[in-house]
1. Counting only residues that are modelled with pLDDT of 95 or more and open to solvent by 70 Å² or more (accessible area, probe 1.4 Å), give me the strands (runs of 3 or more DSSP E) lying completely in region 310-387 with at least 1 of them.
2. Test of understanding: among A23, A12, A33, which residue is open to solvent by less than 40 Å² (accessible area, probe 1.4 Å), assigned to a helix (DSSP H, G or I) and among the aliphatic types (A, V, I, L, M)?
3. From F265, F273, F297, F302, grab the single residue that is over 25 Å from P333 (Cβ atoms) and open to solvent by less than 70 Å² (accessible area, probe 1.4 Å).
4. Considering only residues that are open to solvent by 50 Å² or more (accessible area, probe 1.4 Å) and assigned to a loop (DSSP other than H, G, I, E, B), which ones fall in region 114-126?
5. Take the residues in region 281-294 that are closer than 29 Å to T334 by Cβ and touching a Pro at 6+ places or on another chain (Cβ under 7 Å); name whichever of them is modelled with the lowest pLDDT.
6. Considering only strands (runs of 3 or more DSSP E) fully contained in region 136-197, which possess at least 2 residues that are under 14 Å from A217 (Cα atoms) and touching a residue at least 24 places away in the same chain (Cβ under 8 Å)?
7. Please indicate, with yes or no, whether at least one residue in region 151-171 is hydroxyl-bearing (S, T, Y) and either exposed (fewer than 13 other Cβ atoms within 10 Å of the Cβ) or within 20 Å of the chain's Cα centre (by Cα) (or both).
8. Tell me which residues, restricted to region 306-320, are of a type outside the set (F, W, Y) and in contact (Cβ under 8 Å) with a residue 24 or more places away in the chain.
Amino acid sequence: MTAPRTVFVTGATGYLGRALIPALLARGHRVRALARPASAHRLPAGCEPVLGDALRRETFAGAIAGCDTLVHLVGTPHPSPARAAEFRTVDLASAREAFAAATTAGVRHVVYVSVAQPAPVMHAYLAARAEAERVLGDTGIPATVLRPWYVLGPGHRWPHLLRPLYALLERLPATRDGARRLALVTLAQMVRALVAAVERPPGAGVRVVDVPAIRTATIRAAAPAAAPNLPPVEAPMSPEALKALARRWFEVMNDGALELADDLFDADYELHFPDLPPGGRGPAVIRQVVGAYRAAFPDLHFTVEEMVAEGDLLAVRWTVEGTHRGPVMGVAPTGRRARWTGMSMLRVRGDRIVEDWVQTDRLSMLQQLGVSLAGAASPTAETAAERAAYAPAAADAPAAADARAAAMP
């Protein structure tokens with residue numbers, strides 16, 4: 001577990017605040033909780049009450065001094081279009097006050113709960129939260145912005161009825177991205193993501209945590225109190241969280257935002273793929289391998305067909321397609337479309353992918369590109385130049401993967 005932090009929480013007596021504060025305290029963090037005098041009795045035991053008004057920073061700014069992190073949770077309860085005016089007078093106004101107080105106090109990290117966007121409804125709510133995000137970005141303070149859509153929990157359970165509809169929308173290509181961006185998250189997932197944000201602040205800039213990332217967030221489990229010298233262990237992911245982590249990676253590959261691999265893959269990540277030389281480790285390996293394939297197929301798109309999770313392992317059956325615009329496996333660009341299948345077996349440690357076994361139907365891909373395989377010793381036969389790309393020492397394996405786009409899929 002990370003070193004204890006001093007955390008200032010606004011909206012401490014609200015739906016999220018009352019669940020988050022005990023979780024932070026249980027992990028050894030010190031919590032100062034802002035509440036109005038009339039609601040201070042609702043604060044969780046063990047926190048330090050700060051009596052003030054979230055809309056007037058002079059009533060609480062002094063208490064933020066010395067805090068490592070500000071978690072801003074103030075918002076209009078049960079938001080609806082009928083409360084549009086409050087989104088600016090409460091949600092946005094309180095965010096301005098809190099971020100200004102954090103800037104003056106020299107807070108090193110701000111965690112802000114915004115809302116999933118874009119969305120087809122609640123436009124006034126989205127606009128107020130988006131403006132608050134801009135205000136936060138202008139402060140220059142390293143920040144984490146969480147973007148849930150609806151948080152399931154006590155008193156917030158009716159959207160469970162929508163689960164079958166969400167499942168259907170996630171299967172349809174036209175609605176898949178929106179359904180995942182606006183998917184439901186549980187209160188436990190939200191608390192876990194908030195704790196993870198507090199304990200793992202970004203070095204700079206604004207880190208956005210969307211719904212898929214909220215659902216896959218994990219935190220390090222503390223060693224038992226009777227054995228304080230034991231090393232920390234990772235809390236295992238649920239099968240649902242494992243699948244969400246995999247979906248997130250396939251979305252990253254489809255978007256081409258490969259820099260996000262650092263958030264999904266362990267520093268010791270190892271890729272197993274036919275012909276790929278051993279030795280290369282870390283996110284750079286998968287980033288360069290997939291980057292090389294995206295160079296060959298710029299519109300590369302993966303579709304997850306099926307997933308099965310057990311323990312720390314996840315099997316994924318997928319289909320990939322794209323237009324051949326760059327060299328691949330020694331084949332010059334043909335302009336042809338190709339569609340082929342593959343399977344990945346992922347091993348997860350904590351909240352990161354640590355190992356990956358990939359098998360894919362490259363024979364089908366080559367045939368669709370018009371490659372004649374008559375008399376060939378192997379569908380993956382290489383030229384001398386291609387074999388040379390595998391020659392570097394283990395430390396240079398990522399560069400070799402970059403030089404030869406045949407490593408994956």
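The values are calculated or read from the model by the stated rules, or taken from the named source; none is laboratory data. All values derive from a computational prediction rather than experimental measurement. Here Cβ is always computed from backbone atoms with ideal geometry, including for glycine, and neighbour counts include all displayed protein chains. To get the accessible areas, we keep the full protein, side chains included, count just its heavy atoms, and leave off ligands, DNA and RNA. Shrake-Rupley method; radii C 1.70, N 1.55, O 1.52, S 1.80 Å.
1. On the way: elements: 313-323, 337-349, 352-360.
Where strands (runs of 3 or more DSSP E) fall fully within region 310-387 and carry at least 1 residues being modelled with pLDDT of 95 or more and open to solvent by 70 Å² or more (accessible area, probe 1.4 Å), they are 313-323, 337-349.
2. Working: A12 fails: assigned to a helix (DSSP H, G or I); A33 fails: assigned to a helix (DSSP H, G or I).
Of the residues listed, the single one that is open to solvent by less than 40 Å² (accessible area, probe 1.4 Å), assigned to a helix (DSSP H, G or I) and among the aliphatic types (A, V, I, L, M) is A23.
3. Details: F273 fails: over 25 Å from P333 (Cβ atoms); F297 fails: over 25 Å from P333 (Cβ atoms); F302 fails: over 25 Å from P333 (Cβ atoms).
The match here is F265.
4. P118, P120, V121
5. Q288
6. Values: elements: 143-146, 150-152, 184-186.
By residue number, 143-146, 184-186.
7. In the first step, residues of region 151-171 are kept if they are hydroxyl-bearing (S, T, Y); the result is 166.
Add one more test, that the residue is either exposed (fewer than 13 other Cβ atoms within 10 Å of the Cβ) or within 20 Å of the chain's Cα centre (by Cα) (or both), and what stays is 166.
Yes: region 151-171 contains one or more residues that are hydroxyl-bearing (S, T, Y) and either exposed (fewer than 13 other Cβ atoms within 10 Å of the Cβ) or within 20 Å of the chain's Cα centre (by Cα) (or both).
8. The answer is M307, A309, E310, G311, D312, L313, L314, A315, V316, R317, V320.
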